[in-house]
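The values are calculated or read from the model by the stated rules, or taken from the named source; none is laboratory data. Because the structure is a prediction, the values reported are computed rather than measured. Positions of Cβ are generated from backbone atoms using ideal geometry, with glycine treated the same way; all protein chains shown enter the neighbour counts. Ligands, DNA and RNA are stripped out before the accessible areas are found, and what is left, the full protein with its side chains, is counted by its heavy atoms. Shrake-Rupley method; radii C 1.70, N 1.55, O 1.52, S 1.80 Å.
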Amino acid sequence: QRFEEAMSLFKVREWWSTQCGDSEEFDGGCMAVGNVDNEPGGPMKIVVGSFSGILRIYRPSQRDYRAEDLKLEQSLGSPIIQVEIGIFSSLSQKDLQLAVLHPKRLSVFSVSVIPGEESSGGGGYQLSLLYKHNLERSAYNFTYGPFGRVQGKDYIAVQSLDGELCVIEQENMAFSKFLPNFLVPGPICYSPAIDSFVTVNSQMECECYKFGPFASTAGGLLATNEDRTKDSRRPRPEWTANLGESAVAVYPARHSAGLGRDEAELIVVGENTIFWLAADAGRIRSQKRLDYFPTCAHVYSVTDATHNLLVGTGAGNAVVYGGDLKVAWAAVLPAEPVAIRVMTAGVAKVRGMIASMTDRGQLSVSFLGTEAPSQVVAVSERIELNYDQMDEEHRRLLGVIRDATGDKGVQRASERLTLRINVPSSLDDNGHTAATWESMSITAKLYVAYTGSD
């Protein structure tokens, strides 16, 4: 089978960029976008957290970075693994809060504006801690959503490095369970349409866990170390799909145009393939082989019924997939991203800006354009190998090598120097009857001959 990426690569138009800190490191979960300060009709802000524990909030307002675009920069005292924006507090069913995951702690903050002078770009932001939960096990990532189809609130599920999934219902730590078939943690998401957790395990399988059975078997208790070996305390997946490769990300999405209201789908971005799954049964509807290594991805809504997939690549490109996983657009980013998001609410009254960040904190806001890249981007095309043609080319090259290294056509040098040595078969006779090693010798004759012009 022949795989072709009919891509016309252009360079994104960088609208705004800045460097987050100095010598700090970031990962895919260290960036989130949203109206975190609940500004009425306000644009989306960019929240960035680093492994150094520094939290920053940016509000891009115009082209090119200005100092007043940085609304908050605060040290939280512990490495930041992931940041997300959602309805995480019981105080309101519409206001957004900021959830910050540390290795041993989950904190939820409200973000408010400090009034300031308009000449200085408006007021900065301040954090107010609403609640925090200390975690017994080291955290890896978390997902959130209206677990159990609750209304007006988001719950959080934290996945630990040793396979525990801890459900936090806002101010209360509800329960936890150990996932089966666990070796190393992988990407995880919550699908509201099927009220389920979906993850990819170390056996390269996509697994789905219904929240109802997941919660009922836990019995409202936190898992203990003894529960690792108890099958009765481990949840059973609703379905399992064999992917055959590790995954970079998994997202709930409505990718089919004719999808029913109660139907749901999943997009799994693997290391070499994008999988399109039916969420109710785990059936693989379609898959697309990739000719690049994906580093990050994001699903965003085009209409209320359909979503597109945006993938950042190891070569520093952004690829947009539309319906049926067809490439809609591709462009070159300023640098290789580890996190990428679409700012659907708009920045400077422009919707669809792309926020991307590198592992060293280079943060950019760009939009897709038709500017040609300064360097030619080579897009590999996977074609079927023709072994007969390869064998013929091999024989032709061997003939070229023989002609180049053989005696045919080689001119002899006009000048020649010949060296010849004559070594006798016996030692020299020095007249000593009782010879020692020090008195033994041998004489060799060296003949030098030269032919050529004087």
query: Hey, any hits in the stretch 135-150 for a residue that's surrounded by fewer than 16 Cβ atoms within 10 Å (Cβ to Cβ), within 24 Å of D195 (Cα to Cα) and not charged (D, E, K, R)?
result: yes
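Residue by residue through the stretch 28-44, note down the ones that are open to solvent by less than 30 Å² (accessible area, probe 1.4 Å) and of a type outside the set (D, E).
Within the stretch 28-44, G28, G29, C30, M31, A32, V33, G34, V36, G42, P43, M44 meet the criteria.
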Given (1) at pLDDT 95 or above; (2) more than 20 Å from S366 (Cα to Cα); (3) touching a Phe, Trp or Tyr at 6+ places or on another chain (Cβ under 7 Å), index of the condition I54 fails: (3)
- prompt: Of (1) under 20 Å from the mean Cα position of the chain (by Cα); (2) open to solvent by less than 10 Å² (accessible area, probe 1.4 Å); (3) not polar (S, T, N, Q), L277 satisfies all except one. Which?
  reply: (1)
- prompt: Can you pull out the residues in the stretch 86-105 that are in contact (Cβ under 8 Å) with a residue 60 or more places away in the chain and farther than 19 Å from I46 by Cβ?
  reply: I87, S89, S90, Q93
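Just wondering, is there one or more residues in the stretch 229-246 that are among the aromatic types (F, W, Y), out of contact with any Asp or Glu (no Cβ under 7 Å at 6 or more places or on another chain) and farther than 16 Å from R283 by Cα?
Our first condition is that a residue be among the aromatic types (F, W, Y); within the stretch 229-246, this holds for 239.
Filter again for out of contact with any Asp or Glu (no Cβ under 7 Å at 6 or more places or on another chain), leaving 239.
If we keep only those that are farther than 16 Å from R283 by Cα too, we end up with none.
Looking through the stretch 229-246, none of the residues is among the aromatic types (F, W, Y), out of contact with any Asp or Glu (no Cβ under 7 Å at 6 or more places or on another chain) and farther than 16 Å from R283 by Cα.
Among the residues of the stretch 280-293, count how many are closer than 22 Å to E238 by Cβ and open to solvent by less than 40 Å² (accessible area, probe 1.4 Å). Reasoning before the result, please.
Here is the first cut: in the stretch 280-293, the ones closer than 22 Å to E238 by Cβ are 280-287.
So of that shortlist, the ones also open to solvent by less than 40 Å² (accessible area, probe 1.4 Å) come out as 282, 286.
Residues in the stretch 280-293 being closer than 22 Å to E238 by Cβ and open to solvent by less than 40 Å² (accessible area, probe 1.4 Å): 2 in total.
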task: Tell me the strands (runs of 3 or more DSSP E) entirely within the stretch 45-92 that contain at least 1 residues that are open to solvent by 70 Å² or more (accessible area, probe 1.4 Å) and either over 25 Å from E14 (Cα atoms) or small (G, A, S) (or both).
output: 70-75
- request: Quickly run through the stretch 171-198 and pick out the residues that are open to solvent by 10 Å² or more (accessible area, probe 1.4 Å) and of a type in the set (S, T, N, Q).
  value: N172, N181
